[in-house]
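Data first, discussion second: the structure below is written as structure tokens.
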Amino acid sequence: MADRDALPLPLEVRARLAELELELSEGDITQKGYEKKRSKLLGAYLPHPPGLEASMAHERRPLMAPSASRYHRRRSSGTRDERYRSDVHTEAVQAALAKHKERKMAVPMPSKRRSLVVQTSMDAYTPPGLSPLSYLPPLTDTSSGSEEEGGQGEGTPTSSQGSISMEHWITRAIHQGSTTSSSSSSTQSGGSGAAGRLADVLAQTHVGKSENHSAPPDVTTYTSEHPVQVERPQVSTVPRTTPKYGNAELMETGDGVPVSSRVSAKIQQLVNTLKQPRRPPLREFFVDDFEELLEVQQPDPNQPRPEGSQMVAIRGEPLGVVTNWPPSLEAALQRWGTISPKAPCLTTMDTNGKPLYVLTYGKLWSRSIKVAYNILHKLGTKQEPMVRPGDRVALVFPNNDPAAFMVAFYGCLLAEVVPVPIEVPLTRKDAGSQQIGFLLGSCGVTVALTSDACHKGLPKGPTGEIPQFKGWPKLLWFVTESKHLSKPPRDWFPHIKDANNDTAYIEYKTCKDGSVLGVTVTRIALLTHCQALTQSCGYTEAEIIVNVLDFKKDVGLWHGILTSVMNMMHVISIPYSLMKVNPLSWIQKVCQYKAKVACVKSRDMHWALVAHRDQRDVNLSSLRMLVVADGSNPWSISSCDAFLNVFQSKGLRPEVICPCASSAEALTVAIRRPTDDSNQPPGRGVLSMQGLSYGVIRVDSEERLSVLTVQDVGTVMPGALMCVVKPEGVPQLCRTDEIGELCVCSIATGMSYYGLSGMTKNTFEVFPMTSSGAPISEYPFTRTGLLGFIGPGGLVFVSGKMDGLMVVSGRRHNADDIVATALAVEPMKFVYRGRIAVFSVTVLHDERIVVVAEQRPDSTEEDSFQWMSRVLQAIDSIHNVGVFCLALVPANTLPKTPLGGIHLSETKQLFLEGSLHPCNVLMCPHTCVTNLPKPRQKQPEIGPASVMVGNLVSGKRIAQASGRDLGQIEDNDQFLFLSEVLQWRAQTTPDHVLFTLLSSRGTVLSSLTCLQLHKRAEKIAAMLMERGHLQDGDHVALVYPPGIDLIAAFYGCLYAGCVPITVRPPHPQNIATTLPTVKMIVEVSRSACVMTSQVICKLLKSKEASAAVDVRSWPPVLDTDDLPKKKPPQLYKPSNPDTLAYLDFSVSTTGMLAGVKMSHTATSAFCRSIKLQCELYPSREVAICLDPYCGLGFVLWCLCSVYSGHQSILIPPSELEVNPALWLLAVSQFRVRDTFCSYSVMELCTKGLGLQTESLKSRGLDLSRVRTCVVVAEERPRIALTQSFSKLFKDLGLHPRAVSTSFGCRVNLAICLQGTSGPDPTTVFVDMRALRHDRVRLVERGSPHSLPLMESGKILPGVRIIIANPETKGPLGDSHLGEIWVHCGHNGSGYFTVYGDEALQSDHFNSHLSFGDTQTVWARTGYLGFLRRTELTDASGERHDALYVVGALDEAMELRGMRYHPIDIETSVIRTHKSIMECAVFPWTNLLVVVVELEGSEQEALDLVPLVTNAVLEEHYLIVGVVVVVDIGVIPINSRGEKQRMHLRDGFLADQLDPIYVAYNM
């Protein structure tokens, strides 16, 4: 690196450049023209070949320690990750955040229940990390910038090497935008030529820290503008002033309904934020065979690409074998143990920093022999020794006992057994210790060597033995202290061989996924590695080395245990426990022992910085080498710089700092050599993060904010060959300006992963090849797991680790870099430094970044939330990548590694299984997920005629089907009216029992014969005429509990010619919410009077009732408990069968109250149809466990028995809450063959009796006689529930074929019902993605995205069905999804409305097809479904048509142009976590809101947010807008067991749910 001058720019060129700048800013020239002219001007002064060297900007290290005022004093919690601290970076982050400040946008804050906010008492927390240091103000690191004023050219790159960098500095100088003319910055430099200019620029770019941005950007209104792009139009983001959080502004819903609540204000805030322009959408495509292709990330055409030539492998210096180097490490030990037994080998320290014990080479030698002898001869028996040479044994020693470890390690080497050093298992469930157990098991370890103290400290069982740790093999624990061992006989001596290819030791390595591998190192590799370290570090005999690192593995083991013995060095070992108490201890020991070498990590340097104030007499001039073990972390550079700045005045020379890069597989990869020449500055590179994310080295970065400064880790090891290969795919050599994985070919690397030949091949036997495909060497290389490049002069640079790599939509990001950015966000008082984890999870075919940090116990909700929003912005600005989830957890709750760091894979595991228990979560799926399928564009509809012709041409039949004919008339069928049937039965079979009502104990409460019912009805009719003065045709509301009074009152109305309306009575415990519904039905139905029982009569007039409704406006209330004795003069006979028989009122799932008119004709036809389908005769008994107020439930309860004459056993569903077994016991006791129930009843039985099947069996419960068990429903069959019910009660004799469902709706109360004859209900599997596009595609069971649909029973007699397109009203083909239309005698004759909305009525009840059969009058059910002709035959011998109901049109949600059924999303959500009991979803202004009921502690509430978001994304390609976690029972459910999603929505928007947590996803 000779003299480095670049050609200076002549003045006229500078002037011309300034003019160009001006023209560009005035808009007189385009950017393209400007660049063209500029490069033409500079062309003459810039050499051309763009090699990699160009990308290194060499700077001088700052030599003077600036005054302390330069440091911003900040409170520190001094844990490990100050190594991430860099002022430049902090400044970049501040600048990025300041940019956001101009465009404020409100992020709605999540709402939390109070109990969740007050988490745990403050005393419970000790801040993690170093308690004594927590309160010292830290020293922030200085920048990597140069602080010289115009030094004479040493710091500038040579013209050939620095071509790009030179241009880069000039550009920076020109773009500086100083207040004077734009060229002034490059001319006013103090020094001569380019060097002065460079220093000048540096002073302005990097060292501008003196203007400490003390006022951080104001983020009081939560700003969140995630993806920041400079060229974004500013106009569109005019912030909407939504008042914060307590008083919400008045807003309108999507339908223009004004809503006032804080929830809806937040949602509006969220909608506004999401409306902002985001990253430009990617080119989207959609293939129309509903293989919905997810967005494939198209490579950015402007992305930087490598331009350098192909790299050549770099060879280290030859490994000079010195004549007196020992032939093996044991031989070295023997030599020193016999020649100089008194020489100190290792000094250990106690926690006060006093020397505890000095191990000499003589003692090490004699004790190792003793250990070797005992291992081989004292374990097991003479004939069957437990350990033979070549076997593996575990070494379990605490971090404060290196001496015992060293003796045991060398004892193993001498005995030729293979030591596997591992961490001490602290508890049985230590994070990661289970994986270590798996490693021991796979290595066949049966013996663990340990020290006395450690053995005493291990957890013991009741009998004093050490329990087997989770996942560990059974071990014999063997204590290696001398006093416990037998003396070897005089004639026994270990066999000392030259180093060979046997395994010397196994080092454990934890992978990214948490699994632990064992890297085997051979004896020759061990020796060669020691030789290479000795040569590159210049170790000499009797040197003193201070070691702060873990001596069991990695750099600590290699320098402090192995190489030290080869060179007879003296190691001063500083345990972690001492560093915690006194972070300066290692520096004090360097001074005290005048140590020449120290091995530390950057955190040790940082801790020393924090604590050095009170130290006067520090003198580090004895140090010739300070090995920085984690030099491969690019963020270590800031610790190195800061350390040098402070300790340079205490005798520390700059060239002493030697970062090294290492990995378990390749051992030491590179190390910076200690030089005496202080003039040769170390290599520095200021790399663009943007370039790095594409794997390209670019020094020039348009945005000075996002750069990564890396330092070299020295040159390749002696005797090794290094190259850089592409990280993915074939190991092909990289170009010189490309980042890849470093690979090393050397004797001194690991050999294999123990027992894993496949992984070994991919890691230790790699043959890098050139672009032409030729291998570059016949010898295999080892992958190091480090990412980097080889710079000028053969210097090795590491930019990250393969394990920390996250590939998000094709770009690579390093976890460490993201951590650094998060930690640079001020103020840091919300989270602990060093307790932050960054990892990626795969959601929807791409990696998503998750950041988890520990929050301090004293930070408020608003503070943390503000900090979170700023972290998101910072990461977005600097890395151009969105964070998918940011979670804060309480202090001290993240799983730790043995040395106090965060156990990453364990944290990720907890996150994925929902047991991390965060106290704050912010999810940003809207900003991160850019690969959703393109929203469906509705094609112009094909006309109905074309569809029909198309179906004919393709041979598809039109989807229509019908039940069998109603057949011949029987004796009771001659009557047109139910009232006549009842009179006929009272005459012919007066004593035949029609109804039996059961109590909750299963006893008969009351029963009615034909005659009793007739008499009772007559009296009620008389009462209506006398007391009620009602005319025929008047409406009467019947408000009765489920029972016999209701039935009698119904027939009484028919006898009097009145029109009955059955109404569910108000709930005595809940009058306030149930009574208004009763009142509404009475008013809407225009009831002239209310009939009820005495109890309810009192209830309607009670105080509570008058608080809920206006009691005076009730129509007359008649109490039927005291009936007149006389019968009416004559019974009413309707003149026309088409007049109203009764009104059927019910509330739909969408919250609409509708009354359907049922004529006498329809009522009789209905009963007749059911009679035929279920084969009902007077001799039959049917058990009914349904609510008798509307639909099929009412018909079965009140009408069918009178029509068909069978006996109905009535079981009110409310009684099951007292006695869940009531229904099934009744079915068994009365030997019923047919029974009807609702889903809520079935669920009650499944949940309530799940564990009682044995006891029920012993009580004689027998369901083997049941032929049909029909669930009465108005929805898609709930397969999971019916199947679990069938499985559960199979042992009690229930035939799985017996369970089926029915289907009815408002326009026709029963369309399908399984009945007794005919084929079993079939189940098909359809593709859920196709359904969203209104298509049916049948798939195999278990295929991805498959959804099981069960046929909804058989079509009833007299019913015709067709599937029509709901928009065009054209008929559809077989297996097409469309609206189910029905034509039949028992259709309702219209809605009964006060307002008479004729259009609605005619459409629903009297529709005509737009093509084909346009004459028939159809009723529209409002349900989507499809017909499919099966292979089965029905009773008439025809092929059977099955009807599959998919869901209600009203409930379906249109999102992204596709149709989603809430139940599908809810099913996915319920599966995600064991604590989710129930779920309901609804849309609100294009946002999907998911409400989940949580069973479990409130601490789990926030775990659900990421899980729910992920599941819905993965399975439905939808982004959840709001996640609401509520208590059990909050989701309203109607009597049929259907969720009332619209009520829930209204409750949520009106802020009535009292949610545990509400998360607004960004």
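Could you order Lys456, Lys1369, Lys382, Lys509 by accessible surface area, starting with the largest, using a probe radius of 1.4 Å?
From most exposed to least exposed: Lys382, Lys456, Lys1369, Lys509.
With labels modelled as points extended 7 Å from the Cα through the Cβ direction, what inter-label distance (nm, one decimal) is found for Leu912 paired with Lys1247?
For Leu912 paired with Lys1247, the spin-label model returns 3.1 nm.
How big is D for the stretch 572-644, in µm² s⁻¹ as a whole number, if Stokes-Einstein is applied with the Kirkwood radius of its Cα pairs at 25 °C and 0.890 mPa s?
Stokes-Einstein gives a translational diffusion coefficient of 196 µm²/s.
Can you give me the distance in nm between label points at Asn1219 and Val1095, each placed 7 Å from the Cα along the Cα-to-Cβ direction?
1.6 nm
What accessible surface, in Å², does a 1.4 Å probe find on Thr1430, ignoring ligands, DNA and RNA and rounding to the nearest 10?
10 Å²
Rounded to the nearest 0.05, what FRET efficiency do Ser771 and Lys32 give with R0 = 30 Å and r taken as the Cβ-Cβ distance? Could you check?
Calculated value: 0.40.
Rank these by accessible area, largest first, 1.4 Å probe: Lys1157, Lys1101, Lys487.
Ranking Lys1157, Lys1101, Lys487 by accessible area, largest first, yields Lys487, Lys1101, Lys1157.
Determine, from the Cβ-Cβ distance of Asp1413 and Met1152 and an R0 of 30 Å, the FRET efficiency 1/(1 + (r/R0)^6), rounded to the nearest 0.05.
0.50
Counting only protein heavy atoms and using a 1.4 Å probe, what share of the accessible area of the stretch 1286-1402 belongs to carbon plus sulfur, as a whole percent?
52 percent
Name the residue from Gly729, Val699, Thr749 whose Cα lies farthest towards the positive end of the charge dipole of the stretch 635-771, charges +1 on Cβ of Lys and Arg and -1 on Cβ of Asp and Glu.
Checking the options against the dipole of the stretch 635-771, the answer is Thr749.
What is the calculated FRET efficiency for Val322 to Glu778, with r their C-beta to C-beta distance and R₀ = 41 Å, to the nearest 0.05?
0.90
Would you calculate the separation in nanometres between label points at Asp1122 and Asp491, each defined as 7 Å from the Cα along the Cα-to-beta-carbon direction?
That separation, rounded to one decimal, is 12.2 nm.
What size of dipole, in debye to the nearest 20, comes out for the stretch 1323-1383 about its Cα centre when the only charges are +1 on Lys and Arg C-beta atoms and -1 on Asp and Glu C-beta atoms?
For this selection, approximately 20 debye.
Counting only protein heavy atoms, what percent of the accessible surface of the stretch 305-456 is carbon or sulfur at a 1.4 Å probe?
Taking all protein chains in place, the stretch 305-456 shows 56 percent carbon and sulfur surface.
Which whole-Hz ³J(HN,Hα) couplings does the stretch 552-567 yield from phi under the Karplus relation 6.51 cos²θ - 1.76 cosθ + 1.60, θ = phi - 60°, glycine and proline marked x?
Each residue of the stretch 552-567 in turn: 8, 7, 6, 4, x, 5, 5, 8, x, 10, 9, 5, 4, 6, 4, 10 Hz.
Taking the Cα atoms of the stretch 754-814, report the difference between the largest and smallest coordinate on each principal axis, in whole Å and largest first.
For the stretch 754-814, the Cα spread along each principal axis is 35, 31, 23 Å.
Given 5 Å bins starting at zero, what is the percent of C-alpha pairs of the stretch 1503-1562 in each, up to the one with the largest pair distance?
Bins of 5 Å from zero give 4, 16, 23, 22, 22, 12, 2, 0 percent of pairs.
Students sometimes get this wrong: rank Met759, Met689 by accessible area, probe 1.4 Å, all chains present, largest first.
Met759, Met689
Could you work out what % of the accessible surface of the stretch 725-801 is carbon and sulfur, using a 1.4 angstrom probe and leaving DNA, RNA and ligands out of the count?
With neighbouring chains kept in place, the figure for the stretch 725-801 is 57 percent.
At 37 °C and 0.692 mPa s, what whole-number value in µm²/s does Stokes-Einstein give for the translational diffusion of the stretch 1451-1538, with Rh from the Kirkwood sum over Cα pairs?
249 µm²/s
I need two numbers for the stretch 1289-1410: Rg to one decimal and Dmax as a whole number, Cα atoms only, in Å.
Spelled out, the Cα radius of gyration and Dmax of the stretch 1289-1410 are 17.5, 54 Å.
Taking 0.36 nm per residue of separation and subtracting the Cα-Cα distance, what length does fully extending Tyr1177 through Leu356 add?
285.7 nm
Test of understanding: what is the full-extension gain from Arg1265 to Leu1005, defined as 0.36 nm times their sequence separation minus their Cα-Cα distance?
Stretched fully, the Arg1265-Leu1005 segment lengthens by 91.2 nm.
Using the heavy atoms of the protein chains alone and a 1.4 angstrom probe, what is the accessible area of the stretch 515-670 per residue in square angstrom?
Accessible area per residue: 21 Å².
The values are calculated or read from the model by the stated rules, or taken from the named source; none is laboratory data. Computed from a prediction, not measured in an experiment: that's the story for all the values here. Backbone-built Cβ (ideal geometry, glycine too); neighbour counts: all protein chains shown. For the accessible areas, the whole protein counts, side chains as well, though only heavy atoms, and no ligand, DNA or RNA atoms are used. Shrake-Rupley method; radii C 1.70, N 1.55, O 1.52, S 1.80 Å.
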